[in-house]
Amino acid sequence: MNTLKIDNVSLVYSNGYRALTALHLEIQNGIFGLLGPNGAGKSSLMKTIVGLQKPTTGKIYFNGADVVQNPLDIQKHLGFLPQYFGVYPKVSAYHLLEHLAKLKGVNNSQQRHDQILWLLDKVNLMDYKDKEVHTFSGGMKQRFGVAQALLGNPKILIVDEPTAGLDPEERNRFNSLLSDIGEDIIIILSTHLVEDVRNLCSQMAIIKKGEIVSQDAPKNYLKQLEGQLWRKPTTKEELSAMEANYHVINKQLVERTMHITVLETDCPPGFTPIEPSLELAYFAHLNKVAS
């Protein structure tokens, strides 16, 4: 069992901006969702975990090793798929993976060849192994990114906003791939897309302005909200009064009519009950009104 422990980690940049504040997380094998809006600190935390920047305070341990002091203790077991990654022009998928495998220390040529073919098959790119990667579609590049991240059999895989920009079919294919490989290693899925976390993760944390505001299993978030969510179509004129009187956690246009969702113990007049969703739980915690 692999374990990543983040102990009281804070990060303050040289200009004084505080990106992370006193984070505590313990993550084991499986897919862990780190959910938060853009600018919440997700990417800052990912870069800190992988050793691209050191925390201002706090410790990070991977399988007991202090990886702040010795980043190689995690980097040699790491696969990293950033939100955006470049590829060399005029290089085929196979040869680019071979180059990256050498950089990762896969020195045996037969072992390297076998692993590359296995990964290309795993990500459904075997038919494109001789095609230049820069010509791939967005979804194909993301799947290639997973293949390169899995070179060298990592024990921890970090993926940062992996489905941003993918069409629904590519997102489903990509998520199925993550689910398949997430049994025996740690996968940290950093995203602002609630649906991806709901579909993949058994544990998750919500991050806002560099702080962890909540951590639990997705199913427990839903239980916490049972019998407390109510919705009502509302006019612009009514909205201010509703926000003053109730804990409004979501406002959404449905066929050009504003519908508000409130979190209350009892049903307010004119509202109807609705079933909890992870998205509404997310909004509730971001707005600090979850019970």
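The values are calculated or read from the model by the stated rules, or taken from the named source; none is laboratory data. Keep in mind that what you see is a predicted model, and the values were worked out from it rather than measured. Counting neighbours? That spans all protein chains shown, and the Cβs are built from the backbone with ideal geometry, glycine included. Accessible surface is based on the protein model in full, side chains and every heavy atom, while ligands, DNA and RNA are left aside. Shrake-Rupley method; radii C 1.70, N 1.55, O 1.52, S 1.80 Å.
Per-residue SASA remark: L253, around 110 Å² accessible (1.4 Å probe; ligands, DNA and RNA not included).
All other residues with a Cβ under 14 Å from the Cβ of Y246 taken together, and with Lys, Arg as +1 and Asp, Glu as -1, what is their net charge? With Lys, Arg at +1 and Asp, Glu at -1, the neighbours total -1. In this structure, the pairs whose alpha-carbon distance is over 24 Å, taken from K5/K47; K209/K236; K47/K129; K208/K251; K104/K129, are K209/K236; K47/K129. Beta-bridge orientation, the chain: approximately 65 percent antiparallel, per DSSP, counting only bridges with both partners inside. Under a Gaussian network description of the chain, with springs only between Cα atoms under 10 Å, the residue in I186, I31, I260 that fluctuates furthest is I260.
Considering helices alone, the calculated mean residue ellipticity of the chain at 222 nm is -9500 deg cm²/dmol, with DSSP H runs of length four and up weighted by -39500 (n - 2.57) and normalised per residue.
Across segment 170-176, rounded Karplus estimates of 3J(HN,Hα) from the backbone phi angles (6.51 cos²θ - 1.76 cosθ + 1.60, θ = phi - 60°) give 5, 4, 4, 5, 5, 5, 4 Hz, Gly and Pro being marked x.
Using the Cβ of N38 as centre and a radius below 14 Å, the other residues enclosed give a net charge of +1, where K and R count +1 and D and E count -1. Ranking Q215, I158, A281 by how far each Cα lies toward the positive end of the dipole of the chain (charges on Cβ) leaves I158 at the top.
Judged by the mean number of other Cβ atoms found within 10 Å, the most tightly packed of the peptides 156-162, 58-64 leads the ranking 156-162, 58-64.
Say we join alpha carbon atoms closer than 10 Å with springs in a Gaussian network model of the chain; which of A241, A205, A149 then has the biggest fluctuation? Taking springs between Cα atoms under 10 Å, the residue moving most is A241. About its Cα centre, the dipole of the chain is roughly 780 debye, where the only charges are +1 on Lys and Arg Cβ and -1 on Asp and Glu Cβ.
Comparing F136, F144, F32 in a Gaussian network model of the chain (Cα springs below 10 Å), the most mobile by mean-square fluctuation is F136. Which net charge results for the neighbourhood of S277, defined as the other residues with beta-carbon distances under 13 angstrom from its beta-carbon, given Lys and Arg at +1 and Asp and Glu at -1? Neighbourhood net charge equals 0. Spatial offset of segment 184-238 relative to segment 37-78 amounts to 24 Å, using the alpha carbon center of each. Counting only DSSP beta bridges with both residues in segment 93-236, the antiparallel share comes to about 50 percent. A simple charge model with +1 on the Cβ of Lys and Arg, -1 on the Cβ of Asp and Glu and nothing else charged puts the dipole of segment 178-226 at about 300 debye relative to its Cα centre.
Between T3 and L72, the contour length at 0.36 nm per residue exceeds the Cα-Cα span by 23.2 nm. With R₀ set to 25 Å, the beta-carbon distance separating H259 from S176 gives a calculated FRET efficiency near 0.15. Projecting the Cα atoms of N29, L97, C267 onto the dipole axis of the chain, where Lys and Arg carry +1 and Asp and Glu carry -1 at the beta carbon, places L97 farthest toward the positive end. Along the positive direction of the dipole of segment 16-75 (beta-carbon charges: Lys, Arg +1; Asp, Glu -1; about the Cα centre), which of L45, I74, G16 reaches farthest? In segment 16-75, that residue is G16.
Relative contact order for the chain: 21 percent, from Cα pairs under 8 Å spaced at least 6 residues apart, divided by residue count. Under a model in which nothing but the beta-carbon of Lys, Arg (+1) and Asp, Glu (-1) is charged, segment 155-241 shows a dipole of about 380 debye around its Cα centre.
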